[in-house]
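Undergrad: A single structure is presented below for examination.
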Amino acid sequence: MTSILLVINLFLIISSTFLFLRFVRNVAFILPNVFLLIYFFIVPLSYSITGFSMYGNSYSDNVVEAYLFSGSLFIFFYSLAFSFFQKCTFGGKVTNLFKLFLESPLKLNVNLFFLILGWFLISYFIGVARTGSLLYLFTSSNAFAEMMALANGKYFLIFMTSGLVYGLLVLIMRKLNDEISFNKVLLFTLILSFFHFYFSTPATRTWFLLLMLSITFYFYGDIKKLSFKKIIYISVSAIVMLPLLVILNFIRQGMSIASASLEINKIMLNFAQFENALILIDKINFDLDFTYFKFLFASISPLSIVPSAILPFQKPRADKEAYLTENIFGDAIDLNFYQEGSTLTYTMPISGYADFGYLGVILTALLFGVTLAFFLKLFRKVGNLKLLIIYLALFSSTAIRFGYEGLISVFYAFLLMYFIQYLFFNLISSFVNIRRA
C-alpha cells in the first residue's frame, strides 16, 4: 500500500503542477509543489527503501500510510481550491482594496534616502522596546533568550521585529522604480539585509533566503523566460551569504562561532518534519486527542495578533506546534536529539490531521489553496509590488513545513507591520516636505 500511495502522490503533484501552469506565469506559485514533492514523495520514498531514521525509530506501515494518504488528500484539495478560486470573479473588490493599500508606500513623494533613514529609526525603536535598552546596539545579547522573555504578553514585539522585512521590501521596490539592473538590486538588498541583521537580530534567517529568491523570480521567474542559470546562481549566493550573516549576527550577540556553526547546520539539514509527523500520527492513534480546530479558528481571526497589552481580554497567542510538542514529549524534550529545538514542526497536512483526522487535512488544504490563489490575484494586478507578492507566495511554500496557522498569523502580522511602517514613512515624507516648503 505504501508504494501505491507514493505513486499516487507523485501523480497528483505532477498533475497539479501542469494544472497550475495553465494559470500562473511565475515559477514562485508552483514552489509549494516542490515542498510537497520533498515531504510526501522523496523523503518517504527514501525511508521506505533504506529504513533509515534520524531518530533511530521504526514506524508501523499504518502510520506511514496515514501520513502518505494525508498528503494525497492535501495535494488534491489544495489544487482544487486554488484552481477554482483563482478563476472565479469573487473577491475582486477585496483584491483591488489590497492593491491600493500595498501601493501606498510607493507613492510617497520623498527621496529613497529619507525612507531608508525612517526604516533605520523604526528598527531602532522596536529594538529598544524589545531589549529595554537605548544602547542595545552596543551590547551583546542572546536573541533567543530575549524572545523567550517576551513570550508572556509581549510576543508581539517578536512579530514586529520579523515584520521589519516588509519595510525592507518597500525600500527595494522603490529602488526597482529606477529600473536598475538585477546585480544592483542584489547589492542594494545585501547591504540592507546586513543592517536588518544588526538592528533587529531576527530569530530566523528564512526571510533572507526568501528575499534572495524573490528578487530572482521577480527578474527571471517568468515561466516563458525562465533562466535556471540565474536561479542556481542566486540560490548558491544566498546559501553562501547566509552562514556569513548568521556568524556576524552571533558575534553581535556575543556568542561563539561554534554556536553559529550549530545553527547553520540546523538550517541546512532540517528535514525532520517527516519523522515528527509520523511520531504525531502514532501518538494520535493511541492517546493524544485531536485539537478540534481550536488553533485554526483562533488564527483565522485578525484579533489573533492583537497584543493582550492592548486588548486585556485577548489571550496570549497560542502556538499549535508548541502545544503538540508538549503533549507528545511532556515538559522536557532532548534539544540535542531533536534537531528543531524546543518546538517541533509536522508539515501542514499533518498539522491539519491533528485537528480532526482526514477532515482536518481537507479543510487545511482548502484554506491553503484559497490563500495562494488570493496572492495570485494580487500578483496580476500590481507592478513593482509583484516582488512583495512573490515573497508572500514563497513564504506560503515554506509554510508546508509547519502549518496553516503559522502562515495566516504571519500574513496578519505583515498587514499590521506594513501599515505601521507606511505611517512612519508617511511621517518622514511630511516632515521632509515641510522642510522643503
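The values are calculated or read from the model by the stated rules, or taken from the named source; none is laboratory data. What you are looking at is a predicted structure, and each value in this text was computed from that prediction instead of being measured. A quick note on method: Cβ atoms are made from the backbone with ideal geometry, for glycine too, and the neighbour counts reach across all protein chains shown. Note: accessible area is taken over every heavy atom of the protein model, side chains too, but ligands, DNA and RNA are not part of it. Shrake-Rupley method; radii C 1.70, N 1.55, O 1.52, S 1.80 Å.
Undergrad: Looking at the stretch 394-421 only, could you name the residues that are of a type outside the set (A, V, I, L, M), under 14 Å from the mean Cα position of the chain (by Cα) and part of a helix (DSSP H, G or I)?
TA: PHE395, SER396, SER397, THR398, ARG401, TYR404, GLU405, GLY406, SER409, PHE411, TYR412, PHE414 - these are the residues of the stretch 394-421 that are of a type outside the set (A, V, I, L, M), under 14 Å from the mean Cα position of the chain (by Cα) and part of a helix (DSSP H, G or I).
Undergrad: Related question: Just checking, which of GLY369, GLY357 is on the phi > 0 side of the Ramachandran plot and modelled with pLDDT of 80 or more?
TA: On the way: GLY369 fails: on the phi > 0 side of the Ramachandran plot.
Of GLY369, GLY357, the one residue that is on the phi > 0 side of the Ramachandran plot and modelled with pLDDT of 80 or more is GLY357.
Undergrad: Could you tell me how many of the residues in the stretch 373-393 are farther than 13 Å from THR95 by Cα and assigned to a helix (DSSP H, G or I)?
TA: Looking only at that region, the number is 7.
Undergrad: Follow-up. If a residue must be within 15 Å of LEU213 (Cα to Cα) and open to solvent by less than 30 Å² (accessible area, probe 1.4 Å), how many such residues does the stretch 183-201 contain?
TA: So the count comes out to 4.
Undergrad: Can you find even one residue in the stretch 362-373 that is within 11 Å of the chain's Cα centre (by Cα) and surrounded by fewer than 19 Cβ atoms within 10 Å (Cβ to Cβ)?
TA: Step one: filter the stretch 362-373 for residues within 11 Å of the chain's Cα centre (by Cα), giving none.
Taking every residue of the stretch 362-373 in turn, none turns out to be within 11 Å of the chain's Cα centre (by Cα) and surrounded by fewer than 19 Cβ atoms within 10 Å (Cβ to Cβ).
Undergrad: Kindly check whether there is at least one residue in the stretch 124-141 that is part of a helix (DSSP H, G or I) and farther than 22 Å from GLN421 by Cβ.
TA: The answer is yes; a qualifying residue exists.
Undergrad: Does LEU6 satisfy the criteria of being surrounded by 20 or more Cβ atoms within 10 Å (Cβ to Cβ) and part of a helix (DSSP H, G or I)?
TA: Judged against the criteria, LEU6 is a match.
Undergrad: Another question, then. Of (1) under 27 Å from ASN33 (Cβ atoms); (2) modelled with pLDDT of 85 or more, PHE297 satisfies all except one. Which?
TA: Evaluating PHE297 over (1) under 27 Å from ASN33 (Cβ atoms); (2) modelled with pLDDT of 85 or more leaves (1) as the failure.
Undergrad: Filter the stretch 374-390 for residues that are among the aromatic types (Phe, Trp, Tyr) and open to solvent by 10 Å² or more (accessible area, probe 1.4 Å); which is modelled with the highest pLDDT?
TA: PHE374
Undergrad: Anything in the stretch 302-324 that is assigned to a loop (DSSP other than H, G, I, E, B) and either at pLDDT 80 or above or among the charged types (D, E, K, R) (or both)? List them, or say none.
TA: LYS315, ARG317, ASP319
Undergrad: Report every pair of residues separated by at least 6 positions or lying on different chains whose Cβ atoms are under 8 Å apart, first residue within the stretch 100-119 and closer than 12 Å to TYR422 by Cβ, second open to solvent by 60 Å² or more (accessible area, probe 1.4 Å) and modelled with pLDDT of 75 or more.
TA: Cβ pairs passing all conditions: PHE101/PHE419; GLY118/LEU427.
Undergrad: Count, please, the residues in the stretch 16-51 that happen to be small (Gly, Ala, Ser) and touching a residue at least 12 places away in the same chain (Cβ under 8 Å).
TA: So in the stretch 16-51, the residues small (Gly, Ala, Ser) come out as 16, 28, 46, 48, 51.
Then keep just the ones that are touching a residue at least 12 places away in the same chain (Cβ under 8 Å); that gives 16, 28, 48.
Of the residues in that region, 3 qualify.
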